[in-house]
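J.: Next up is a structure, given as structure tokens.
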Amino acid sequence: SARVAGDDFNTRDILLAEAVATLIAGVCGGVAQSTPYIGQPAYKQMGSRAGYTLLTGLFIGLGGMLGYVGWMVEIIPRAVIAPILIFVGLDIICQAFLACPAKHAPAVAFSFFPTLARLLEIKFSNPSVVPAANFAALMVEKGRALPEMLVTVALGNGFILTAMLWGAFMAELIDRRLKAASAYLWILAGFTFVGIVHSAMPDGSMYWPWTLSSPAIQVPYQFAAGYAALAVMMFALSFTTASRRPAVAHGH
């Protein structure tokens with residue numbers, strides 16, 4: 001993100017500093033990791049520099065110790081924060097397409113779907129939108145297929161990791177690197193089986209699949225089987241003559 005904006009920071013030093021800060025925070029009772037914030041080009045366009053990061057760290061750090069962060073969150077209207085988040089979000093989306101090869105645009109678009117599912121899950125699980133009793137009933141609704149609410153929750157859980165793996169799989173598929181695409185699918189199958197991604201639990205927790213109750217127990221088996229079947233197909237297709245031909249980027 002920073003390199004696209006022309007700032008070639010030392011990745012190793014940044015991540016080491018963040019890792020040490022996270023470990024110290026954990027020892028002191030912190031529950032949130034400290035990581036470089038995405039959207040750096042957008043903040044840079046708004047005039048932010050190193051001082052912005054320093055002041056933000058001091059403000060949040062002192063707020064955590066003195067207790068005024070919660071109070072500030074309550075009094076600041078959402079309408080004040082939303083435009084900034086929308087601007088940063090749009091910049092991140094644009095960067096995803098502009099920083100990648102044009103032929104990989106479908107992979108970028110494909111990776112957005114888990115995020116959309118997560119957005120729906122957040123809304124539906126809000127008691128002020130869908131009463132808790134109704135949400136629980138929709139999660140176990142009987143029908144010819146899995147309940148739609150259960151599928152939406154499963155697709156949204158672990159959305160960041162799912163999006164990364166979906167995008168990587170699609171990029172390898174576009175490049176006709178089918179063995180590599182198959183490897184990503186096997187990773188997805190393994191992660192799905194234990195709930196690292198596509199967890200059938202509303203809180204996104206991991207599990208052993210046989211400990212789930214119906215119909216949630218079907219999610220890890222069906223999703224993992226789907227990924228595994230597609231992985232086998234990709235691996236088999238990798239031995240065809242067509243898969244060895246260079247990929248052609250039509251329209252670019």
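The values are calculated or read from the model by the stated rules, or taken from the named source; none is laboratory data. The structure displayed is predicted, hence computed values, not measured ones. Note that we place each Cβ from the backbone using ideal geometry, even for glycine, and neighbour counts take in every protein chain shown.
J.: List every residue pair whose Cβ atoms lie under 9 Å apart, where the two residues are 6 or more positions apart in sequence or sit on different chains, the first residue falls within the stretch 8-27 and is within 18 Å of Thr53 (Cα to Cα) and among the acidic types (Asp, Glu), and the second residue, located anywhere, is modelled with pLDDT under 85 and surrounded by 11 or more Cβ atoms within 10 Å (Cβ to Cβ).
T.: Asp8/Ala2; Glu18/Gln33; Glu18/Ser34; Glu18/Thr35; Glu18/Pro36
J.: Hey, another quick one. Might you let me know whether the stretch 160-179 holds any residue that is in the same structural domain as Ala107 (by TED's automatic domain parsing), at positive phi and out of contact with any helix residue (DSSP H, G or I) (no Cβ under 6 Å at 6 or more places or on another chain)? Give the steps one after another, and end with the answer.
T.: Looking only at the stretch 160-179, we keep the residues that are in the same structural domain as Ala107 (by TED's automatic domain parsing), and these are 160-179.
Keeping just the survivors that are at positive phi gives 176.
Filter again for out of contact with any helix residue (DSSP H, G or I) (no Cβ under 6 Å at 6 or more places or on another chain), leaving none.
No, every residue in the stretch 160-179 fails to be in the same structural domain as Ala107 (by TED's automatic domain parsing), at positive phi and out of contact with any helix residue (DSSP H, G or I) (no Cβ under 6 Å at 6 or more places or on another chain).
J.: Tell me which residues, restricted to the stretch 110-127, are part of a helix (DSSP H, G or I) and closer than 12 Å to Gly156 by Cα. Talk me through it step by step, then tell me what you get.
T.: Within the stretch 110-127, the first condition is being part of a helix (DSSP H, G or I), and the residues that meet it are 110, 113-124.
If the condition is that a residue be part of a helix (DSSP H, G or I) and closer than 12 Å to Gly156 by Cα, then Phe113, Pro114, Thr115, Leu116, Ala117, Arg118, Leu119, Leu120, Glu121, Ile122, Lys123, Phe124 are the ones that fit.
J.: For Pro114, are the conditions met, namely being of a type outside the set (A, V, I, L, M, F, W, C) and outside the structural domain of Thr152 (by TED's automatic domain parsing)?
T.: No, not satisfied.
Conditions (1) under 30 Å from Val197 (Cβ atoms); (2) aliphatic (A, V, I, L, M); (3) at pLDDT 90 or above; (4) in the same structural domain as Gly204 (by TED's automatic domain parsing), marked per residue:
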| site | (1), (2), (3), (4) |
| --- | --- |
| Lys44 | no, no, no, no |
| Phe59 | no, no, no, no |
| Met65 | no, yes, no, no |
| Tyr68 | no, no, no, no |
| Pro77 | no, no, no, no |
| Gly89 | yes, no, no, no |
| Cys94 | yes, no, no, no |
| Asn126 | yes, no, yes, yes |
| Ala133 | yes, yes, yes, yes |
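J.: If you check Ala19, Ala32, Ala25, which single one turns out to be surrounded by 10 or more Cβ atoms within 10 Å (Cβ to Cβ), within 28 Å of Ser111 (Cα to Cα) and not charged (D, E, K, R)? Can you show your working first?
T.: Values: Ala32 fails: surrounded by 10 or more Cβ atoms within 10 Å (Cβ to Cβ); Ala25 fails: within 28 Å of Ser111 (Cα to Cα).
None of the other options fit; the residue is Ala19.
J.: Which of (1) outside the structural domain of Phe169 (by TED's automatic domain parsing); (2) surrounded by 13 or more Cβ atoms within 10 Å (Cβ to Cβ) is the odd one out, the single condition Ala107 does not satisfy?
T.: Of everything listed in (1) outside the structural domain of Phe169 (by TED's automatic domain parsing); (2) surrounded by 13 or more Cβ atoms within 10 Å (Cβ to Cβ), Ala107 misses just condition (1).
J.: State yes or no: is Phe193 touching a helix residue (DSSP H, G or I) at 6+ places or on another chain (Cβ under 6 Å) and under 13 Å from Phe110 (Cβ atoms)? Can you show your working first?
T.: On the way: touching a helix residue (DSSP H, G or I) at 6+ places or on another chain (Cβ under 6 Å): yes; under 13 Å from Phe110 (Cβ atoms): no.
No; evaluated as a whole, the condition is false for this residue.
J.: Output the residues belonging to the stretch 196-239 that are outside any helix (DSSP H, G or I) and closer than 25 Å to Leu173 by Cα. Spell out the reasoning first.
T.: The first filter runs over the stretch 196-239 and keeps only residues outside any helix (DSSP H, G or I), leaving 196-208, 212-217, 238-239.
Residues satisfying the conditions are Ile196, Val197, His198, Ser238, Phe239.
J.: Okay, next question. Being without any contact (Cβ under 8 Å) to a residue 40 or more places away in the chain, under 17 Å from Leu161 (Cα atoms) and of a type in the set (A, V, I, L, M), is that true of even one residue in the stretch 206-216?
T.: Yes, the stretch 206-216 contains at least one residue that is without any contact (Cβ under 8 Å) to a residue 40 or more places away in the chain, under 17 Å from Leu161 (Cα atoms) and of a type in the set (A, V, I, L, M).
J.: Can we say Ile174 is more than 23 Å from the chain's Cα centre (by Cα), farther than 30 Å from Gln218 by Cβ and either surrounded by 12 or more Cβ atoms within 10 Å (Cβ to Cβ) or without any contact (Cβ under 8 Å) to a residue 40 or more places away in the chain (or both)? Walk me through it before giving the result.
T.: Details: more than 23 Å from the chain's Cα centre (by Cα): no; farther than 30 Å from Gln218 by Cβ: yes; either surrounded by 12 or more Cβ atoms within 10 Å (Cβ to Cβ) or without any contact (Cβ under 8 Å) to a residue 40 or more places away in the chain (or both): yes.
For Ile174, the condition - more than 23 Å from the chain's Cα centre (by Cα), farther than 30 Å from Gln218 by Cβ and either surrounded by 12 or more Cβ atoms within 10 Å (Cβ to Cβ) or without any contact (Cβ under 8 Å) to a residue 40 or more places away in the chain (or both) - is not met.
J.: Just one of the numbered conditions (1) under 20 Å from the mean Cα position of the chain (by Cα); (2) crowded, with 16+ Cβ neighbours inside 10 Å; (3) part of a loop (DSSP other than H, G, I, E, B) is not true of Leu146; which one?
T.: Answer for Leu146: the failing condition is (1).
J.: May I pose another question? Might you check whether a residue that is within 21 Å of the chain's Cα centre (by Cα), within 26 Å of Leu161 (Cβ to Cβ) and among the charged types (D, E, K, R) occurs anywhere in the stretch 96-106?
T.: no
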